[in-house]
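Inspection log for the structure reproduced underneath, given as structure tokens.
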Amino acid sequence: VCASPAAPSGPRLAGLSILVAEDNPINQEVLQELLCMEGAEVTIAEDGAQAVAQVARAGADAFAAVLMDVQMPEIDGYEATRRLSRIAPGLPVIGQTAFAMPDDRQRCLDCGMVDYLTKPVDPELMVMEILRNTAGR
């Protein structure tokens, strides 16, 4: 539940439901705070398996986008994205990784992610990436 006021520039993500798949509780809290400040409705999944289960349960149109950590227990972000692509083909998945090598970006794209953000996540880049990939959803 978002309790933060909108960002001074306005809630740019108002009306968007974002699924955050992240196993680190501190990262979960930071992402939820940043997204809520921008007006998004945030749902947290603690790993890839939970992310897939939440989309399967809620339906392909329940979320505007997914922020997917690539390294998680149970099912990693790559495999979770492949599974999401089968059950929700139009759902944009934006990877998050601490790795910033060209191979890492390509691996994200190869599994079906629309792009990726490096950690620590730049809030402005995150918002721009979400807006770019949810236009028309």
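Contour minus end-to-end for Asp103 and Ala58, with contour as 0.36 nm per residue of separation and end-to-end as the Cα-Cα distance?
Numbers: separation 45, 0.36 × 45 = 16.20 nm, distance 3.29 nm.
Full-extension gain reported as 12.9 nm.
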For this session: Would you tally the net charge around Pro102, using a Cβ to Cβ cut-off of less than 14 Å, leaving Pro102 out, and scoring K and R as +1, D and E as -1?
Result: -2
Exercise. Pick the calculated volume of the Cα convex hull per residue in Å³ for this structure from [x] 130; [y] 96; [z] 106?
Worked result: [y]
Problem set entry | Crossing angle, helix 77-87 versus the chain [Cα axis fit, 0-90 degrees, rounded to tens] | 90
Exercise. For Glu33 and Ile87, what is the calculated FRET efficiency with R₀ set at 25 Å and r taken between the beta-carbons, to the nearest 0.05?
Worked result: 0.30
Seminar exercise, completed: In Å, the C-alpha Rg and Dmax of the stretch 63-137 are 11.6, 33
For this session: Could you tell me how many degrees, from 0 to 90 and to the nearest 10, lie between the Cα long axis of helix 48-58 and the main elongation axis, the longest principal axis, of the Cα atoms of the chain?
Result: 70
Problem set entry | Whole-Hz couplings from phi, Karplus 6.51/-1.76/1.60, listed for the stretch 99-113; x for Gly and Pro | 8, 10, 8, x, 4, 5, 4, 5, 4, 4, 5, 4, 8, x, 6
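Just so you know, all these numbers are worked out from the coordinates, no wet-lab data involved. What you see is a predicted model, and the numbers here were worked out from it, not measured in a lab. When we count neighbours, we look across all protein chains shown, and the Cβ atoms used for this are built from the backbone with ideal geometry, even at glycine.
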